[in-house]
Amino acid sequence: MRSFLVSSLFVALLGTGLSALVQGGVPGRAPTAPPGEGVTDTTNAYTETIPETLVEFDMVRVPGGSVTIDGTEQAVEPFWIATTEVRWDAFDTYRLDEEKEGLAPEEADAISLPSKPYGFGNEIPGFGQEAYPVLSVARNAARQYARWLSARTDRTYRLPTAAQWKHACQVGYGTATELSPEQLREYAWFGGNAGETAHPSGERAANDLGVYDQLGNAAELVAPPEGDPEQPTAVWGGSYQSAAGDVHCSARRQKTRAWQESDPQLPKSKWWLSDAQFVGFRVVRATP
């Protein structure tokens, strides 16, 4: 009997500990489904764990709707969006995965790994530090990361389209136009409060969707129109370098030559933007 009671107590404590581990991680995270389990349309949030690592990130469901870009209204189906920009702890797991362990041969052969940054990263505060958003990353690198992540997790992740990005932003912040000065300081790192540097993900308040830093911190890459890689790279939302008036749900910039001006390579790197220290990204996923 005594042995039975001790065993029962151990099982209860173990269950409590496992429950705490499942619910732990990023402060303020929404209720989540256990990592690795299927997600249904009735689930509003879940935590993804990259297999064989301690890296986790949260996804939340964005309801469908419509959004206007360049005067054209576009329908947006429901989808999932990451609550934080991709951080270095996740990106470096991909960048350093030289053996692509655990991937099927055909998947491993199809996924490229980025080159090493060649010096400029040392000049960017937060560059390479695990809690910070990925910075100075080119669109090709972001897309390859999403392919690698999809192969690792058996779920299809990718860059958001411009319509998905803007729709999620408007739902989360309630507007496509500028926030009030008070709201901007509450939600975003921008030129007026960032101190000329990016900040660790999730330090500002989450918006109504539970998403952090969609405005400010790192300006975020979107997928090219119609999936055409020849279309110019664009980032949305403004960054830690942006003036207050350039941080809102309709704010976007297109890549210019200045973004790689100091890159010594010819042709220029398809992995790194040597002079665009403000560029990052987050991932999305279609609903089941």
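The values are calculated or read from the model by the stated rules, or taken from the named source; none is laboratory data. As the structure is a computational prediction, the values presented were derived from the model and not from experiment. All Cβ positions, even for glycine, are placed from backbone atoms using ideal geometry, and neighbour counts span all protein chains on display.
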Notebook entry, point to check: Counting only residues that are in a helix (DSSP H, G or I) and of a type outside the set (D, E, K, R), which one in segment 92-127 is surrounded by the most Cβ atoms within 10 Å (Cβ to Cβ)?
Noted result: 94
Checklist line | Subset of segment 252-274 [under 23 Å from the mean Cα position of the chain (by Cα) and closer than 12 Å to residue 117 by Cβ] | finding: 269, 271, 272, 273, 274
Check: Among the listed residues 238, 195, which satisfies the condition of being closer than 22 Å to residue 127 by Cα, surrounded by fewer than 20 Cβ atoms within 10 Å (Cβ to Cβ) and either out of contact with any strand residue (DSSP E or B) (no Cβ under 9 Å at 6 or more places or on another chain) or at pLDDT 95 or above (or both)?
Finding: 195
Notebook entry, point to check: Do you know which of the residues in segment 203-219 that are closer than 19 Å to residue 61 by Cβ and touching a Phe, Trp or Tyr at 6+ places or on another chain (Cβ under 6 Å) is surrounded by the fewest Cβ atoms within 10 Å (Cβ to Cβ)?
Noted result: 206
Notebook entry, point to check: assigned to a loop (DSSP other than H, G, I, E, B) and either among the β-branched types (Val, Ile, Thr) or buried (at least 17 other Cβ atoms within 10 Å of the Cβ) (or both): does that describe residue 231?
Noted result: no
